[in-house]
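Worksheet: one structure, shown below.
The values are calculated or read from the model by the stated rules, or taken from the named source; none is laboratory data. For clarity, every value in this text was computed on a predicted model and none was experimentally measured. Here Cβ is always computed from backbone atoms with ideal geometry, including for glycine, and neighbour counts include all displayed protein chains. Quick note on the areas: whole protein, heavy atoms, side chains included, nothing else; ligands and nucleic acids left out. Shrake-Rupley method; radii C 1.70, N 1.55, O 1.52, S 1.80 Å.
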Amino acid sequence: MADGKTSSAVSSDKSVATKATYLKDYRAPDFLIDSTQLDFDLGRNISRVSSVLSVRKNPVSDSADASLVLNGEDLNLISIDIDGRSLADTDYCLDGSTLQLSNLPDAFELCIVTQIDPAKNLKLEGLYLSDGMYCTQCEAEGFRRITYYLDRPDVMSVFTTKITADASRYPVLLSNGNEVGRGRLTDGRHWVEWHDPFKKPAYLFALVAGDLELVEDSFTTQSGRKVALRIYVEEKDVDKCGHAIQSLQAAMTWDEKVYGREYDLDLYMIVAVDFFNMGAMENKGLNIFNTSCVLAHPSTQSDIAFQRVEGVVAHEYFHNWSGNRVTCRDWFQLSLKEGFTVFRDACFSADMNSATVKRIEDVSLLRSAQFAEDSGPMSHPIRPESYIEISNFYTLTIYEKGAEVIRMMHQLLGAETFRLGSDLYFDRHDGQAVTCEDFVCAMEDASGIDLTQFRLWYAKSGTPNLEVADSWDKSNGIYTLTINQSCRSMPGSGESEPFFIPLRVALLSDQGLEHFSIVGLVGSRDKNKETNKEMSTEAVLELCERNQTWQFSGLKSKPVPSLLRGFSAPVKLNFDYSLTDLLLLLREDTDGFARWDASQRYAMKLIEGHVSGRQLIDSSAGKAAISELGMVLEQLLQSGFDNGVWNHDYDAALIAEILRLPGYSYVIEQFDPVDITALHAAIELLSQAVAKQLKDVLLATYQRLQKQLSALGAYRPQAEDIALRSLKNICLSYLMRVADSQVATLAYQQFTDANNMTDQSAALSALVNCQSSVAELMAMKSLNAFYQQWSHESLVVNQWLTIQACSEKSGALSRVKELMNSEAYDNTNPNKVRALIGGYCARNLSQFHSNDGSGYELLADEVIRLNPLNPQLASRLLAPLTQWRRFVVPQKTLMQNALLKISHSENLSADVYEVVLKSLNT
Ligand SMILES: [Zn+2]
């Protein structure tokens, strides 16, 4: 077990493979595999895998007579040969997860033949069938389900792969690298051989065999090499690949421009599969994508899906350097490739769309879900110290917080120096498997900046909390900010040194940004460092001690501070803003993120006031506060238009985000303990009140934008149009809260007239959530019509499932149960499970947490059902229950009971065991 404690709640005899792996135990491999030749014979049921490995002792290994211990799981071993000599059963040692060979020469050729049954592989790790197509997923430890191998990322090998299969059923046979040969056999089968010249770990291996159509384009690199770009999909999806191709070309151009990185093979392939546990996988030269992250067509995918495709295609492409050319030494270093690559794709998406809104989306995810993870039982540093099941560590912490840590380094070094650092990192480590420390060293060496204290971000879990206080000395015109940092100590992490936190700040008055200079720094080791006599409108305060004080001069009156601009560090920040301060920031701040943040804080103050009983939302003071907010929002909406047409100098996407109230998951994260009934009541009252107050301006805005978009004609997935649709549809969703027949008719009209999925699904969602009886009939009609129209499109059916699972109206659970038994659902397809069960349990929080515990029962039963079939999926669905300690009764007890029920079920997988164990015992 992870922390060495024994558990009374979860007994270890119910679980499999529950031993923890520790970073401190890392040892270099005793053997290396220089080349790997694989031969797949894909049969109707059983497939045969022959591997020929050139193995040699690792010169840096300290144990001279070490055994070779290969990983293997669910394999049927047929034969083993060493240098042409067959081994007898007594020459090796085989158990459930390893194959051990002893008394080996310094270098030898090892041939292993195994049989596997991909059709029975519902875990979707290793080689499996997705809708009749063979495909693989090997990260993190799936390759050991294909053949016995040193399945660890620091063993890098050159792969050659031959695939033989029936020619009519599997006309397309793909693997990594370049095609080097093909032929037909007399029995109706054919073969294709692939060679990847770049050394890679087994987790980047991929194979695909199926009946697929090809969409092809090309890209010419900056050095003039032509690369073929190929997307393989089912025939019906050929018209949905244009956006992915364009996104790929844009990403290739961007990586050349921003990081100087060029693509290195002649061929870049993407395959779309419907059964996939992840979003996509960056296998060298052969990315395998969940259909939901590659297919995009205006009539079937919404704007959000278009943007997701753009972001995920870019992310996987960027991995070719940050992940593949330079890879991770071990899985504790996962954030080395993921944090860096998420940072890269976030910058790319910001350049392609509204940069502010991209930042808001990322921060929202971080603040609602990653902060919760970091204060819950699964909390871990971005470089964890131990794990039971590595699949459980593909977390928001590794990805999103990991990206924030890279972003802080980028801020600290500046873009140009950061680029010098990344160049040094790629040059120094090309072809190697390295650590997070190697990355930080490259940044240090390129910049000359000492990152010693900064490294704490890699080692410590938990979200730092900043308490900020200010004072104003009228006689001297000196404004003072005092900042105190703390971080809740997590088990095992101990009391720690303070973090290094870059904090972007500005100061505002009624006239907007003020010029100031920093005149004094109290309590710092280096008192002169930040004394800056030059006047500026923004500064980056470098917080490196528990308590620090800055003094600002050049101000005529007490300013309102704009703190943590651009969300310059992944921290919680408390400052006692008045409602008037927040309205000033919302109106006058020049940092889009800070404006949005002010709107969120304003709403949170109202919700907190209501829940605590200090100031009810429907009291006269509450109404006055909403009225003042309403006036600012109304002004924002009106000032965007010139003669009835939206002026794109105003970021409509930002205003849409400002209008959107804080989501349940964010609100829940702000409370401890969480009384979901009280929160629900406050959120409902607030959204109703805002909708009522703004009804006229929302309606006018909606109608103007609808007219403007209609005049544009055909759908375009461009940032400007996406922004207009986003603003229009948030207006519609507010209007539905007023729930009169005029508004319901508008939504129904939008549903029937829509020429794109964004508008169609937004209207359907508005109708489904509307409380009016007029809308109820329209909602029923629309749901039926929608299904009739799209029942042949799996991804659209998933949206239909999610819209119903997320219905705010009572009765959502019985509808979910009905849908689970319908033809629209398939409980072995992860996308469908996430759409329906995940939609209900993670996104419909007011219903999921209902007082009778029925939501928890549903989730527990689903986790128990999925545990043996797809443990990764089961473990991820569990996340909402891990927060049980923060809730008040009855939720607290009911969630705990659901976890206990899971813990008492038979044969818990390591994935589920680890999450349940930590949740109950931490
Ligand atoms: Zn990734």
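Within the range 381-402, being within 20 Å of F343 (Cα to Cα), out of contact with any Lys or Arg (no Cβ under 7 Å at 6 or more places or on another chain) and open to solvent by less than 10 Å² (accessible area, probe 1.4 Å) holds for P384, F393, T397, I398, K401, G402. If the condition is being surrounded by fewer than 20 Cβ atoms within 10 Å (Cβ to Cβ) and of a type outside the set (A, V, I, L, M), then the range 122-140 contributes D131, G132.
Among the residues of the range 250-263, is any among the basic types (K, R), in contact with a His (Cβ under 9 Å, 6 or more places away or on another chain) and at negative phi? No: zero hits. Does R455 satisfy being assigned to a loop (DSSP other than H, G, I, E, B), out of contact with any strand residue (DSSP E or B) (no Cβ under 7 Å at 6 or more places or on another chain) and of a type in the set (K, R)? Criteria not met by R455. Selection of the range 765-789 for residues being open to solvent by 30 Å² or more (accessible area, probe 1.4 Å) and part of a loop (DSSP other than H, G, I, E, B) yields only Q771. Contact map, the range 537-555: first residue at negative phi, second residue part of a loop (DSSP other than H, G, I, E, B) and acidic (D, E), Cβ cut-off under 6 Å, separation 6 or more or different chains; pairs are L555/E514.
So, A272, is that one surrounded by fewer than 18 Cβ atoms within 10 Å (Cβ to Cβ), of a type in the set (G, A, S) and not in a helix (DSSP H, G or I) or not? When the stated conditions are applied, A272 does not pass them.
Every condition in (1) surrounded by fewer than 22 Cβ atoms within 10 Å (Cβ to Cβ); (2) touching a residue at least 12 places away in the same chain (Cβ under 8 Å); (3) of a type in the set (D, E, K, R) holds for K728 except the one numbered (1). When residues in the range 104-156 are screened for being farther than 25 Å from L32 by Cα, outside any loop (DSSP other than H, G, I, E, B) and polar (S, T, N, Q), 1 of them pass.
Scanning the range 263-278 for residues that are within 16 Å of the ligand (Cβ to nearest atom) and at pLDDT below 95 gives F276, N277, M278. On the stretch given as the range 549-578, residues that are open to solvent by less than 20 Å² (accessible area, probe 1.4 Å), not in a loop (DSSP other than H, G, I, E, B) and not β-branched (V, I, T) total 9. Among residues of the range 119-148 that are farther than 15 Å from N870 by Cα, those with a Cβ under 9 angstrom from a residue that is basic (K, R) and assigned to a loop (DSSP other than H, G, I, E, B), sequence gap 6+ or separate chain, pair up as G132/R169.
Among the residues here, S822 qualifies as open to solvent by 30 Å² or more (accessible area, probe 1.4 Å) and farther than 29 Å from E669 by Cα. Within the set L813, L908, L899, L858, the sole residue that is over 24 Å from the mean Cα position of the chain (by Cα) and open to solvent by 20 Å² or more (accessible area, probe 1.4 Å) turns out to be L813.
When residues in the range 234-269 are screened for being assigned to a helix (DSSP H, G or I) and touching a Leu at 6+ places or on another chain (Cβ under 9 Å), 10 of them pass. Looking at the structure I just gave you, is G285 under 30 Å from E385 (Cα atoms), open to solvent by less than 10 Å² (accessible area, probe 1.4 Å) and at pLDDT 95 or above? So G285 does not fit the description; no.
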